[in-house]
Structures are given as C-alpha cells and as structure tokens.
C-alpha cells in the first residue's frame with residue numbers, strides 16, 4: 001500500500017467530477033496535505049496522524065530504524 005495520499009485518484013476525480021473533493025486517508029505530513037491540494041482536493045482530513053499518537057510514533061520509529069540512524 002502506498003505511504004501517502006492517492007494523488008492519481010485525486011487528479012482523476014478533479015478532472016471528471018465537478019464537485020468539491022475531500023481527501024481522506026494516508027495524509028501524515030503537511031507535505032502530504034499540500035500534495036493532495038495540488039492534485040485537486042478542496043479539503044483534506046488528517047485523522048490518525050493526529051488522533052492516534054501511537055501510530056504516528058510507530059511511523060517515526062520504523063523510519064529511523066530503517067535509516068540505520070537509530071541509537072541503542
């Protein structure tokens with residue numbers, strides 16, 4: 001599963017549907033939100049990234065561990 005918002009889908013929806021588009025899901029960073037707006041979203045919903053601090057912390061731990069920069 002991709003890590004960020006589905007920008008391809010947002011672009012297609014924006015092209016073919018003349019209604020406001022609300023992007024929800026896989027928006028973890030301000031960059032993700034800006035990309036969603038750039039792809040045609042009228043608004044974005046930031047859910048788990050704010051309401052579930054354990055999920056956000058886990059993402060940091062996984063990224064730091066994978067980078068090889070973790071300290072014992």
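For the reader, a short list of remarks on this structure follows.
- Across the chain the C-alpha pair distances fall into 10 Å bins from zero in the proportions 19, 42, 26, 11, 2, 0 percent.
- Full-stretch length increase - residue 14, residue 48 - with 0.36 nm per residue and alpha-carbon distance subtracted: 9.8 nm
- Degrees separating the helix 53-67 axis from the principal Cα axis of the chain, which is the longest one: 70 degrees
- Against the main long axis of the alpha-carbon atoms of the chain, helix 7-16 sits at an angle near 10°.
- For region 1-66, the relative contact order comes to 30 percent (Cα pairs under 8 Å, sequence separation of at least 6).
- Multiplying the residue separation of residue 69 and residue 6 by 0.36 nm and removing their Cα-Cα distance gives an extension gain of 19.8 nm.
- Extension gain, residue 24 to residue 58: 0.36 nm times the residue separation minus the Cα-Cα distance gives 10.2 nm.
- Highest to lowest packing among 58-68, 44-54, 22-32, scored as the average C-beta count within 10 Å: 22-32, 44-54, 58-68
Laboratory data are not the source of any read-out in this text; all were calculated from the coordinates shown. The model shown is predicted, which means the values in this text are computed figures rather than measured ones. All Cβ positions, glycine included, derive from the backbone under ideal geometry; neighbour counts span all protein chains shown.
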